[in-house]
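Worksheet: one structure, shown below.
The values are calculated or read from the model by the stated rules, or taken from the named source; none is laboratory data. The model shown is predicted, which means the values in this text are computed figures rather than measured ones. Cβ placement follows ideal geometry from the backbone for every residue including glycine, while neighbour counts extend to all protein chains displayed. For the accessible areas, the whole protein counts, side chains as well, though only heavy atoms, and no ligand, DNA or RNA atoms are used. Shrake-Rupley method; radii C 1.70, N 1.55, O 1.52, S 1.80 Å.
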Amino acid sequence: MNRLITSFFLLLSVFLLSKNANAQCHITVTLPTQDTTICQGDSVYLKSDGTCSYLMNNDFNGQIIGPGWSSTQANPVFNNPCGPGPVGYHLWVGTTASTSRTLVTQSYDLQMNGCVVEWWMRYGPAGSSAGSCESPDMPTEGVHVQYSTNNGATWTDFPGPNLNPVGINSTTGPFVNPMVTTTPGSGGYWTPSPGNSATGPLYYWHKFENVVPVAAQSTNTKIRWAQLATSNQNFDAWGIDEVQISCPNNQNVIWSHGAVGLVPPAPVSPTTTTSYIVVIFDSLLNVASDTVQITVIPNPQPDLGPDTTICNQPGNMATFDAGSGYQTYLWSTGATTQTISTNISGTYSVTVSTGNCTGTDDVTLDFQPAPTPNAGPDVEICIGESATLTGVPIPNGYQAWSTGDSTVSTTVSPLKDSTFYYTVFSSPVCFATDSAMVIVHPLPLVDAGVDTAVCKGDSVMLIASNAASYQWSNGKNSPFNTVAPNVLTSYRVTGTDVHGCVNSDTVVVDVNPLPELEIVVNKTEYCFGDTIMVDITGADFYQWTNGQTSNHLEYMAQASHELYVTGTDIHGCHSSDRVSIPVEDCVKFFIGSAFTPNGDGLNDIFIPFGNLGGVTSYDFIIYNRWGQVVFQTDNPYKGWDGYFEGNRMTGVFTYIINFTTMAGNISQKTGTVTIIH
């Protein structure tokens, strides 16, 4: 029989829940009020409360007027333009101009007695004089609630009396929880208050409720909200929300364990944790369900373990644990904790509970005299060394080290500070422990410094650190060691710290050779005014006595001199060199006795030829036979083209050249020149 009930319930649940689950029905398990826990073998009564009465429930949170609804000139919006509504979004009318506005539901079967229409409504906020929040303020601008049984051919106001709602007038909410409306409004029309300062409950969100009259009980009944007169502007706004139609349809209730009805008459006594599901459904196949879980816990069975014998020594306690997971604990000592500790012989009991479930256990404690252990003194070693620990034996007993040795002595080589335990036994159940610590000192982090390099012939000071005393491989016993190697050399230092721990380090000193300079000049002898070019190689950086730092010098010869240079390589090693620069007075030139300025490119210019680079002053003058100057220049590299004042000259002319050399010698040359055409 139980198998048939379970199969029927499962088939019913799957079918109904796949149809209209939670559409028009609701049910709640009210006993137990929440998931509960019982002891194994206990019973619990089940109770539920619910109904399947909703034909329609429209909350507008989908921001549409609702399936099957229609509107005329209402142009509703769902953005809560004039403040919050009861729950989420609401429907608001009046943002556009129209002479009337209606909202019409789809058709419903309201043949059953007792059907009720419920909704929340508000006229535009009091004091709003224009726009989409302006309130209805004329007697005819209110909202009618009407019904039609002939598909909207005619409409009738719900019968009165027309009563305003009673409650708290609030604009900030919450409106629904807690409920601001204590008595819902009712009727078919609610007349607005006159003027823009209209006040009263119609201008705040409140709940309204109408019983469907007999005249409206048909198989094809529609409900509408109608504002039949407005100011013909986007005024006289109003809104509705949470619209519901409920009827007492036939309903059935069945539980997953086979019971029927909201309140099963017999209690349930599950042996394991069980979920009980209650399902409510009606003849229209609307359905809802709820679940409560009954957790079954076994009666607690605390276990304090076997009777115990321990050593009676200072600080030694016996601890008894009743086990975790229980809600309360009560010991024979009066303690209410999970564990107790004691050093008094006797019998101890505990009673534990989980919910209303209890269990008890007891244990007997006996003390014995304890031995006195001695693990010997602490020992200090350097890391990598060994230490031998020796304990003191006791008469007629035996011992054990934490290393596993059962002898009086044990040898250890710990890598860090460690404690080793020495336990002596006077009997198998009575023992005591002492400890000896081995302090492990790390080796000193001896540092000989970073590898370095010196120039050949230089010295460098090596500095060791991180130890108390030092010994270098070259015999020095100080942290400071000045060395001047000729070739790459490794120096090793051994350091000892205050604990006698020893370590060493090595530093390498490399020897860099001095740069080998080579100076190259472009000549062995120079005349005044010549260009002197000096090149040097063998280093990376140079410093000349004339202030230059380049590897190539280029300048004019003005006097004999010596150049000194220091070359430095990338290691900072340097060497010097010098070069002698001899400079002589080498001014020599000749000048012809005739020229042919005919433009053929041959002997067209009368000019001196030779070495004039050492000339510091120069004056070249040409006279005609009447002593008139026909050409003059102070540029030794400029000559006469045979013209004077734009005319081509002919005949014999006299010239004089006065010049001074860099050596200070003053000279003059004279002669004649003939122009040949």
**Study point:** More than 35 Å apart - percent of Cα-Cα pairs taken over the chain
**Key:** 77 percent
Practice item. Would you mind computing, in nm to one decimal, how far apart the modelled labels at Asn474 and Thr388 are, each placed 7 Å from Cα along Cα→Cβ? Key: 4.4 nm
Review point. Taking the range 90-140 on its own, what percent of its Cα-Cα pair distances exceed 12 Å?
Key: 76 percent
Exercise for review: Can you tell me the FRET efficiency between Asp585 and Ile656 if r is taken as the Cβ-Cβ distance and R0 is 25 Å, rounded to the nearest 0.05?
Suggested key: 0.70
**Study point:** the range 468-487 and the range 237-280: distance between their alpha carbon centers, rounded to Å
**Key:** 97 Å
Review point. Hey, any idea what % of the range 490-557's accessible area is carbon plus sulfur with a 1.4 Å probe?
Key: 48 percent
**Study point:** Cα gyration tensor, the range 232-336 - rounded (a/c under 1.5), prolate or oblate
**Key:** oblate
Check your understanding: For the range 172-193, list residues with backbone N below 13 Å from a point placed 7 Å from the Cα of Leu163 toward its Cβ?
Key -> 182-188
Point to revise | Two-site label geometry, Asp434 and Ser275: point separation in nm, points 7 Å out along Cα→Cβ | key: 6.5 nm
Study note, to complete from the structure: Plugging the Cβ-Cβ distance of Lys523 and Gln548 into 1/(1 + (r/R0)^6) at R0 = 22 Å yields, to the nearest 0.05, a FRET efficiency of 0.75
Exercise for review: Report the paramagnetic label zone for Thr36: residues of the range 273-316 whose backbone N is under 15 Å from a point 7 Å from Cα along the Cα-to-Cβ axis.
Suggested key: 274-277, 291-297
Review point. Carbon and sulfur together cover what percent of the accessible area of the range 572-627 at a 1.4 Å probe radius?
Key: 54 percent
**Study point:** Projected area, mean over directions - the range 144-273, Cα convex hull, nm²
**Key:** 13.8 nm²
Review point. Once the Cα atoms of the range 427-550 are picked out, what are the Rg and Dmax in Å?
Key: 29.3, 118
Review point. Is it possible to state the helix-based mean residue ellipticity at 222 nm for the chain, with each DSSP H run of 4+ residues giving -39500 (n - 2.57), the sum divided by total residues, to the nearest 500 deg cm²/dmol? What is it?
Key: -1000 deg cm²/dmol
Review point. Gain in length, Val214 to Asp634, computed as 0.36 nm per residue apart minus the alpha-carbon separation, to one decimal in nm?
Key: 137.5 nm
Study note, to complete from the structure: Under the 7 Å Cα-to-Cβ spin-label approximation, Ser465 and Asp451 lie apart by a distance in nanometres of 2.0 nm
Practice item. Using only the alpha-carbon atoms of the range 511-653, report the extent along each of the three principal axes, biggest first, to the nearest angstrom. Key: 81, 28, 22
**Study point:** Reachable lysines from Lys476, criterion Cα separation under 29 angstrom, eight or more residues apart if same chain
**Key:** Lys456
Review point. What do you reckon, how do Met649, Met179 stack up by accessible area (1.4 Å probe), largest on top?
Key: Met179, Met649
Review point. Considering only protein heavy atoms, what per residue accessible area in square angstrom results for the range 295-398 with a 1.4 angstrom probe?
Key: 56 Å²
Point to revise | Efficiency of FRET between Asn150 and Gln327 - r from beta-carbon atoms, R0 60 angstrom, step 0.05 | key: 0.35
Review point. Where in the range 563-593 does the amide nitrogen come within less than 17 Å of the point 7 Å from the Cα of Glu516, taken along Cα to Cβ?
Key: 567-570, 573-578
Point to revise | Packing rank of 622-633, 63-74, where each peptide gets the mean count of other beta carbons within 10 Å, highest leading | key: 63-74, 622-633
Review point. Going down the table (Lys523/Lys669; Lys523/Lys638; Lys638/Lys669), which pairs top 21 Å between alpha carbons?
Key: Lys523/Lys669; Lys523/Lys638
Check your understanding: Using the heavy atoms of the protein chains alone and a 1.4 angstrom probe, what is the accessible area of the range 518-646 per residue in square angstrom?
Key -> 57 Å²
Check your understanding: How far is helix 2-20 tilted off the main Cα axis of the chain, in degrees rounded to 10, range 0 to 90?
Key -> 60 degrees
